[in-house]
1. Just the residues that are within 59 Å of the chain's Cα centre (by Cα) and assigned to a helix (DSSP H, G or I), please, taken from the range 148-174.
2. Tell me which residues, restricted to the range 161-204, are over 30 Å from residue 101 (Cα atoms) and acidic (Asp, Glu).
3. Given the criterion touching a residue at least 60 places away in the same chain (Cβ under 8 Å), in contact with a helix residue (DSSP H, G or I) (Cβ under 6 Å, 6 or more places away or on another chain) and in a helix (DSSP H, G or I), identify the matching residue among 121, 67.
4. When both residues are 6+ apart or on different chains and their Cβ atoms are under 6 Å apart, which pairs have a first residue that lies in the range 27-46 and is farther than 22 Å from residue 240 by Cβ, and a second that is assigned to a loop (DSSP other than H, G, I, E, B) and acidic (Asp, Glu)?
5. Go through the range 342-352 residue by residue and tally those that are within 14 Å of residue 329 (Cα to Cα) and either of a type in the set (Lys, Arg) or more than 26 Å from the chain's Cα centre (by Cα) (or both).
6. Given the criterion among the hydroxyl-bearing types (Ser, Thr, Tyr), under 30 Å from residue 62 (Cα atoms), assigned by TED's automatic domain parsing to the domain that holds residue 50 and modelled with pLDDT of 95 or more, identify the matching residue among 215, 174, 129.
7. Somewhere in the range 386-401, is a residue within 30 Å of residue 61 (Cα to Cα) and among the polar types (S, T, N, Q)?
8. Check whether at least one residue in the range 470-489 is at pLDDT 65 or above and either touching a Gly at 6+ places or on another chain (Cβ under 7 Å) or under 27 Å from residue 249 (Cβ atoms) (or both), and report yes or no.
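The values are calculated or read from the model by the stated rules, or taken from the named source; none is laboratory data. Here the structure is a predicted model, which means the values were calculated and not measured. Glycine also receives a Cβ, built like all others from the backbone with ideal geometry; neighbour counts cover every protein chain displayed.
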Amino acid sequence: MFGNWLVDQQNRIPDMLQLKNAIEELESLRFIIESLPLQSAPSRRYVLALNWMTEPETITLELSQVASSLQFLEANEPLLSDIRSNLAQIKDIKGTLRNIKTGSTPDDIELFELKHFWLLADNIQYLLSGVEIKLINLPELEPVMRILDPEGSRIPTYYICDRYDEELAQLRKSCYNAHQLGNYNLEEQLREAALQREEVVRQHIGDQLHANYDSLRQAMDQLVRLDILLAKAILFRQWGFTNPELSEKEITDYQGLFNPLVKKSLEDKGGHFQPVDISFGHNPTIITGANMAGKTVLLRTVALSQFLVQFGFFVPATKAIISLVDHVMLSVGDKQSELQGLSSFGAEMVRINEIIQTIRSGKRVLALIDEPGRTTNPTEGLAIVKSIVELFEAKRVPGLITTHYNGIDFSCKKLRVKGFSGVPLPENISIRDLIHYLDYNLTDDTCESQPHEALRIAGILGVDNELLELAHQYVLEQERIKNHQIKSN
């Protein structure tokens, strides 16, 4: 239960998605990883090497360990400072461990690193000895300590002491006596002989450490594991993350879902982030709403939560039931044209095609697409949206698709961001204060009416009244035509 976690992570398929790649795709994920209060130097490297998990049993085990770490915090708060202080002193000795594994003769610096590390491990083991909740399983420390500290001094320095080898001790003693007698030629010969003997001793120490490599590696893995678990627990408790339930019915349901990066940004400016509830299944869901209504943030937040749970993290919500997938694929238009040298529409179509081809390969995909077809003409744009919905329905793809095409009777589930609907706004409101009057909650979109929020926002921005009145009359005329067509049919 304890010993194989990091080994399993490191032995997974090489081309499997790792966290270090995922954070390049999503800024909010990077923000969370960089906010983890990790203490030890190697912990960040281990975290970035975490692999994407798709097996419910593996994810459940990891989440249960995170839950245990939260219980550990509550029950052992007085010990936490001392444990983390020792963790903070652990250096990244990856190179030293690699040399020990290959049987190289360690130099004094490497032996010092190992001794210092082992003393810290022993300190932490002592601190954990009286704790009921077992987060890690450290190997037996005494055998390696006898190799690195034969005198039992427990001093965090290292030298090849006389106790390692009688012949070395005798050479050093004779060298000292020669110096006392003023026989400097003999002293130099004996010193050289002692140095050669020290190298033999180092080779012997290296052989002994090589035989104990597995214990050294396990100790490093387990201490890093402890650091990561405690960091997760501290952050999740501070930010109000929740332990998600894994769905057995292909339904994903969030209550109180929030984006930590956007939330912090708003709070730093004196604002407030409004959490949302959303539920979707194995078919696509259309989400409409005006600009500024948070649709893109919602897509990013759903992507963030899916990434988090499948990398073994709690999620930013008050309650969550999450269906697992093989891939999270997000199309939001960011930097696509710059990266690929294509027009906005061309880059968007390439990304959507990647999503579709991944779906056709038989993979379970969570598809999150922001306003497809928005950069082409309305007729073709609407056709693209309808085609995506129809294809996703046929393939039973869980997906969220945002669009500006309001009032269209899609066959799939339809939601709308409430926005300004029904919200009284004060006179002379500024654009800076506008965000405080938006309702980001989702409601079922019956397509019976279309909110004119774009014109309302334009009015708040001070756009010419005559232009807005003409636009408003045009909208009313289009609605009359549409209603007449519906009645005629």
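1. Matches in the range 148-174: 148, 162, 163, 164, 166, 167, 168, 169, 170, 171, 172, 173.
2. Hits for the range 161-204 are 187, 188.
3. 121
4. 41/92; 42/92
5. 3
6. Result: 215 is the single residue among 215, 174, 129 that is among the hydroxyl-bearing types (Ser, Thr, Tyr), under 30 Å from residue 62 (Cα atoms), assigned by TED's automatic domain parsing to the domain that holds residue 50 and modelled with pLDDT of 95 or more.
7. Within the range 386-401 (the criterion being within 30 Å of residue 61 (Cα to Cα) and among the polar types (S, T, N, Q)), the answer is no, since none of the residues qualifies.
8. no
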